[in-house]
Amino acid sequence: MTCKHNDNARGAARVLVGVAFALGAAGGGATAVAQTAMQITTGGVTGTYYMIAAPLANFINENSKMLRLSPSTSGGGFENLRRVEAGQAQFGMTQPETMSQAWNGEKPFDKQMRSWRVIGVVTPPMANHVIALKTNNIHTASDLKGQTFAIGAPGSGSTMAMSLFLDHVGMKNDVRIRMEGHQDYPSQLLDGKIQAFSRLGSVPAAVVDEVAASRAINLVDFGPELERSRFLDKYPFYQKVVVKAGTYKGQDKDVTLFGNAGFLIAHKDVPNEIVYEFTRLAYSDGAISKVGMAFKGSNLNRANPLEGNIGPVHPGAAKFWNELGVKVPAAALK
């Protein structure tokens with residue numbers, strides 16, 4: 001108990017060092033306030049989270065007298081939640097399955113992590129795209145047996161999703177699993193070092209277009225295995241994502257994937273007024289426009305900002321949603 005208390009205290013202290021500076025600056029005039037520094041932890045530089053966070057941070061920095069936000073790269077949602085929990089970042093992005101695993105202390109987490117709070121949705125349902133070269137003759141998830149499959153970067157939502165799926169359908173020992181940086185996978189696929197890789201992202205995903213521009217590909221269909229195994233019944237925080245025919249070069253039929261939406265989170269000890277300011281600006285018309293022009297796969301949705309969320313909402317964000325007449329439901333996680 002003492003060790004856990006000390007870990008939590010250290011995390012809170014790290015958050016509050018930045019927060020104290022922010023609030024101190026708030027009383028010192030516009031010049032001082034402009035130097036306020038906070039961090040939002042995202043993902044790889046070509047991934048959905050970073051592609052949203054970079055223009056979002058620019059907009060907030062241009063329009064806030066309280067916040068100066070810096071996006072940082074990471075392995076993805078799992079690592080983001082750990083960084084926010086530890087106070088290494090004040091804001092971050094993650095998915096509901098990661099929230100559930102962290103809250104309950106389930107693998108890959110080694111203890112309960114409950115020092116984060118939800119702000120609102122940031123992406124539409126993201127899909128776990130699994131890409132193979134057409135010459136590898138991998139059409140459905142069951143065809144991955146016996147293949148070298150790069151399931152994602154360590155700490156990413158893709159890695160966690162694919163690990164759960166392969167374990168659930170009984171394929172974990174039938175696939176040669178790799179976990180490395182996302183940026184290496186396209187070249188490894190083209191060079192024949194792997195036969196398929198997974199990347200979590202909004203539809204359409206730039207990485208699919210990147211590979212398809214060089215070689216004919218298959219977008220691997222998970223529909224049959226999802227139905228047979230009832231994977232979505234066991235893990236209801238995932239949903240089917242149907243990628244319509246023609247979305248990607250050479251894709252001549254609908255393909256069923258699975259995934260879920262991404263959410264913005266903050267450490268619980270970031271003061272309400274700072275999270276309120278972040279939320280107010282992040283979901284403003286100006287931010288929605290700026291982020292949307294830079295990256296089409298965003299979903300800063302003011303109408304249903306908490307749809308699909310299972311975690312507790314930060315009071316600063318809840319205040320903003322209440323002002324807009326948005327119902328803030330009780331957290332599904334207890």
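Helices meeting the span-like rule in the chain (full DSSP H runs, Cα extent of at least 27 Å along the helix axis, mean Kyte-Doolittle score of 1.6 or higher) are absent.
For R178, the residues whose amide H sits under 5 Å from its own are F149, A150, I151, ignoring neighbours fewer than 5 places away on the same chain, with H placed 1.01 Å from N. Segment S284..Q239, full-extension length gain: 13.4 nm, with 0.36 nm per residue of separation and the alpha-carbon distance subtracted. Comparing mean-square fluctuations of Q95, Q147, Q195 from a GNM of the chain with C-alpha springs under 10 Å, the top value falls on Q147.
Checking the cross-link pairs K193/K296; K234/K290; K234/K319; K107/K327; K111/K172; K193/K234 against a 29 Å limit on the alpha carbon distance flags K193/K296; K234/K290; K234/K319; K107/K327; K193/K234 as lying beyond it.
Evaluated at 10 °C with a viscosity of 1.306 mPa s, what Stokes-Einstein diffusion coefficient in µm²/s does the chain have when Rh comes from the Kirkwood expression over alpha-carbon pairs? Mind dumping the intermediate values first?
Working: Rh = 20.4 Å.
Using the Kirkwood radius from Cα pairs, D works out to 78 µm²/s.
Can you give the local net charge around T123? Use residues other than it whose beta-carbon is closer than 13 angstrom to its beta-carbon, Lys and Arg +1, Asp and Glu -1. Spell out each step's value before the answer.
Details: positive: K296; negative: E307.
That sum, taken over residues with Cβ under 13 Å, equals 0.
Computed from backbone phi with θ = phi - 60° and the Karplus coefficients 6.51, -1.76 and 1.60, the 3J(HN,Hα) list for the stretch 114-120 is 10, 9, 10, 9, 7, 9, x Hz; x is used for glycine and proline.
Work out, step by step, the length gained on full extension between M293 and K145: first 0.36 nm times the residue separation, then minus their alpha carbon distance; give nm to one decimal.
Values: separation 148, 0.36 × 148 = 53.28 nm, distance 4.01 nm.
Roughly 49.3 nm would be gained on extension.
Report note on the peptides 69-79, 156-166: ranked by the mean count of other C-beta atoms within 10 Å, highest first, their order is 156-166, 69-79. Across L189, L56, L67, mean-square fluctuation computed from a Gaussian network of the chain (C-alpha pairs under 10 Å connected) peaks at L189. Average accessible surface for the stretch 236-334: 46 Å² per residue, computed with a 1.4 Å probe over protein heavy atoms with every protein chain in place. With helices as the sole contributors, the chain gives -11500 deg cm²/dmol at 222 nm; each DSSP H run of n ≥ 4 counts as -39500 (n - 2.57), and the sum is divided by every residue. Using a probe of 1.4 angstrom and keeping all protein chains present, the accessible surface of the stretch 24-167 works out to 33 square angstrom per residue.
How much of the accessible area of the chain, in percent, comes from carbon and sulfur atoms when a 1.4 Å probe is used? Write down the numbers at each step before the final one.
Details: 7080 of 14060 Å².
Answer for the chain is 50 percent, counting heavy atoms of protein chains only.
Contact order, relative form, for the chain: 23 percent (alpha carbon pairs under 8 Å, 6 or more residues apart, mean separation divided by residue count). Within the same chain, aspartates and glutamates fewer than 8 places from K134 are excluded, and of the rest, those with a Cα less than 18 Å from its Cα are D143, D191, D209, E210, D221, D252, D254. What you get for the chain, charging only the Cβ of Lys and Arg (+1) and of Asp and Glu (-1), is a dipole of about 340 debye around the Cα centre. The GluC sites (Glu not before Pro) of the stretch 236-334 meeting both criteria, a DSSP state outside H, G, I, E and B (loop) and at most 14 other C-beta atoms within 10 angstrom of the site's C-beta, are E307. How big is the C-alpha Rg of the stretch 108-156 next to the rule-of-thumb value 2.2 N^0.38 Å, as a ratio? So the Cα radius of gyration is 1.72 times the expected 2.2 N^0.38 Å. Contact order for the stretch 169-255, expressed relative to its length and based on alpha carbon pairs under 8 Å spaced 6+ residues apart, stands at 27 percent.
The values are calculated or read from the model by the stated rules, or taken from the named source; none is laboratory data. Just so you know, these numbers come straight off a predicted model, no measurement behind them. Virtual Cβ from ideal backbone geometry, glycine too; neighbours counted across all protein chains shown. Areas reflect the complete protein model, heavy atoms only, side chains present, ligands, DNA and RNA absent. Shrake-Rupley method; radii C 1.70, N 1.55, O 1.52, S 1.80 Å.
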